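The values are calculated or read from the model by the stated rules, or taken from the named source; none is laboratory data. Being a predicted model, the structure only gives us computed values, none of them experimental. As a convention, Cβ positions derive from the backbone with ideal geometry for all residues, glycine included, and neighbour counts pool all protein chains shown.
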Amino acid sequence: MRKRYPKTGGKMGKSMEKGMVLANTYEILEEIGSGGGGVVYRARHTRLNTDVVVKKIKDEIVNRVNNRQEADILKRLKHPYLPRVYDFIETEDAVYTVMDYIRGTNLQDAVKEHGTFEPKQVLKWTEQLGEAVAYLHSQNPPIIHSDIKPANIMLTENGDVCLIDFNISLALGNTMESAVGISVGYSPPEQYADPALFLKVFSQSLISAQNAAKTAEKNKAKAEETEEIEETELLEQTKEQSDGTELLAEEADSEQTQLLVEEKHSTPVSSAAETTEVLTNYLQYVGKGINEKSDIYSLGATLVFLLAGRTYGMDPKVNQEIDAFLFAENEGLSVILKKMTLPNPDERYQNGGEFLNAVRNIHKFDHRYKKMHGVECVLQAGALGALFAGALCIIGGLFLQKVQGNKTYYDQIAQAQLCMSQQDYTGAESIVRELQKEDVLRIDAYELELEILYNQQQYTECISKGEDFLNSVPVTTDAEADKELLGNIYFLIANSYYEKEDYVSAADYFEEALKNHQDNPMIYQDYTITLAKLGQFERAQEMLDAGNKLGLPKDSFQLAQGELLSASGDKTGAEKCFETAIASASSDQVLRRAVMLAAENDKAMGTQGLEKEIELLEQYKDHFDTSFNIVLKETLADAYMRLAEATKDNSQYEKAVGLFQEITDSGFMTFRLYENMAILYENMQDFEEAEHVLEKMVSDYPNSYVPYKRLAFLEADIQQNKASKDRDYSKMKEYYELCRKLYDNSEDTEMQVLEKLMDDVINGGW
């Protein structure tokens, strides 16, 4: 039986009584609970005659709210999966928020009453919550919920979810410091105030979990008595937190729920060394301050709880058991959840938009490992349906058991996928090699290998290995799972040909991909762009419309439509599409592509689009991670150089110099950057600095002919600016000869120009 805890006390202040009227508008009906932000009441809006929630905010939050700015931001929010905030009331002794009363039950109670939920149901709620969190994070400044957990998600009467309790967000403002509340199992390590607090909380919970497991094994008959004792002990332990942080009764009860589940699983206790390793990994991120990535962790932990009935903790054996369970339920979702709950914030999805994009493209994770090799199944009449998550197979509605011997294989597949999600391609490749040794006929391992190669931009090798596989390995395409995997192999080869600008071959492979995996909207999107490159605009539009019907995300649709219009010559129409894609971008990945495509479209419009290109790039040049910001700054510098040439305004060159300086100051230098900087200084008639840059380029790239080519052109320019009698082309000749010695006979029209120039010098025709 659930233990009842006091609803008020501590710093919550005095309760409001039934019948009290707040601000002459809200009649208090009943106290319905307490949370990390304060005491919660159901009230009646006397004028509108509708129920609302009134929350009395905790003192420590009130003390950190300096003005109404944060509350006004919350009042402007409007989203189907968030409650509407109606009012923010300040009295002499308290502060209250008023928002929608959401009828239904919270997911914490739903799990306690009905058990965990099926993946299909959780996937629906995952996208809804993703939309809500992405919306919060897209605000300016971003709104960090900071207390996402099952108890703060309402299951409404129509079966949708609603993310509630924004009052802790008020405490954060724009500072993004540590949150007021801590929810054990759901708060990320960076949310804890200090290592001492983290160690205290998790050492207690770990001990309690281990004791519960041991007790359950020794005496199942006394389980109910043990639960009651440990529940009380845990509550007393978690209430005594350092730095004034209070773990509320609900959270202690949530932790106990997990302990009870662990008892049922009878998970072996990990060694001290194993636990210490996990703990050390978490500790390095404690107290680092919270941001959007913190919400991602809490949401991930919440979704894990809905599926598995418990969350990740300090016991590695428990974590491994959860991993195996989630992978068996849905491998695509398991990969996403693992990334969300990594201890290092930088390795998670960076915000709600990125997470939502991953969910909407879950087929990229969920399409593999579905065919059970060597599985014995009891067959009834009917065709073989799709295999779900590599662990379940459904035939005629019957559940078919998987052979235990396959567990290791799928565990390795899951590990390889996790490595790839963390960009550990070396680790992923090593696992795949071992898998291929075990069974060379399995499609899933080869498909994963191609994806690893593609993600590393090894397009030639991806094509070679993919075609070798298709030509030499027998492929059974009767099962839908096999066809889907085969479709993905064709898809990866097609995209590799696209990156190599072989659009004819790319189109051929996209056609084959669609024959095997015709319900993947991303194939239609990429095929659209390829057909546009080939000038087949009508066919391209057909493909894009088909992908849109299959659920292509709005931002992806606008990107592809923009590329199609741009290729067909409608630069103005393309510009509108790219603007829409930028405004609706669900992730940084989409936004990056939209910004670059918009800039390229503006560039193609010549001087007419130059100012727009510069304005766009200026807006986003510091928006993304360092590596992509560098790309944008290089592009922007090029735009300023073109503007300087068009307007003869040398001050634009100075802006380009400033951008190059920012790039080099960051310690980043590339072959292309050297070349662009040299050209820039040459255009500015700063020959000394141009020569200095090229000499450094020679030092870094001694086997390349390009630095010597640029030096030869530079020397020609230097001599041209002298009086005829003072010109000396000996240095130019020296650079030219070094250039010819290293030249690889690649197609380079500048080499033809240089050779003609050198002939003119030698023959005295300059």
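Annotations
- Checked against (1) at pLDDT 70 or above; (2) closer than 20 Å to F325 by Cβ, Y410 passes all but a single condition, namely (1).
- Residue match in the stretch 628-650 (condition: over 23 Å from L559 (Cα atoms), of a type in the set (G, A, S) and over 32 Å from the mean Cα position of the chain (by Cα)): yes
- Checked across the stretch 609-625, the condition of being under 27 Å from the mean Cα position of the chain (by Cα), of a type in the set (V, I, T) and either outside any helix (DSSP H, G or I) or under 30 Å from S587 (Cα atoms) (or both) holds for no residue.
- Which numbered condition C162 misses (of (1) touching a strand residue (DSSP E or B) at 6+ places or on another chain (Cβ under 6 Å); (2) assigned to a loop (DSSP other than H, G, I, E, B)): (2)
Yes or no, residue by residue, for (1) of a type in the set (K, R); (2) touching a residue at least 24 places away in the same chain (Cβ under 8 Å); (3) part of a helix (DSSP H, G or I):
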residue: Y674; (1), (2), (3): no, yes, yes
residue: Y708; (1), (2), (3): no, yes, yes
residue: Q719; (1), (2), (3): no, no, yes
residue: K733; (1), (2), (3): yes, yes, yes
residue: Y736; (1), (2), (3): no, yes, yes
residue: K756; (1), (2), (3): yes, no, yes
residue: G764; (1), (2), (3): no, no, no
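- For the stretch 605-619, the condition holds for at least one residue, the condition being that it is closer than 22 Å to T664 by Cβ and crowded, with 18+ Cβ neighbours inside 10 Å.
Conditions (1) more than 30 Å from G130 (Cα to Cα); (2) modelled with pLDDT under 55; (3) not assigned by TED's automatic domain parsing to the domain that holds V304, marked per residue:
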position: V161; (1), (2), (3): no, no, no
position: S169; (1), (2), (3): no, yes, no
position: N174; (1), (2), (3): no, yes, no
position: E177; (1), (2), (3): no, yes, no
position: Q191; (1), (2), (3): no, no, no
position: V201; (1), (2), (3): no, no, no
position: K220; (1), (2), (3): yes, yes, no
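- Looking only at the stretch 545-568, and only at residues there that are modelled with pLDDT under 90 and either closer than 12 Å to A598 by Cα or in contact with a Pro (Cβ under 7 Å, 6 or more places away or on another chain) (or both), the one that is surrounded by the fewest Cβ atoms within 10 Å (Cβ to Cβ): G551
- Among the residues making up the stretch 297-311, those that are of a type in the set (A, V, I, L, M) and in contact (Cβ under 8 Å) with a residue 60 or more places away in the chain are L299, A301, L303, L306, L307, A308.
- The lone criterion from (1) modelled with pLDDT under 65; (2) under 29 Å from Q139 (Cβ atoms); (3) β-branched (V, I, T) left unmet by V98 is number (1).
- Screening the candidates D519, D468, D526 for the property of being closer than 20 Å to E447 by Cβ and assigned to a loop (DSSP other than H, G, I, E, B) yields one hit, D519.
- Each residue in the stretch 119-155 was checked for being more than 17 Å from L74 (Cβ to Cβ), touching a residue at least 60 places away in the same chain (Cβ under 8 Å) and of a type outside the set (G, A, S), and 11 of them qualify.
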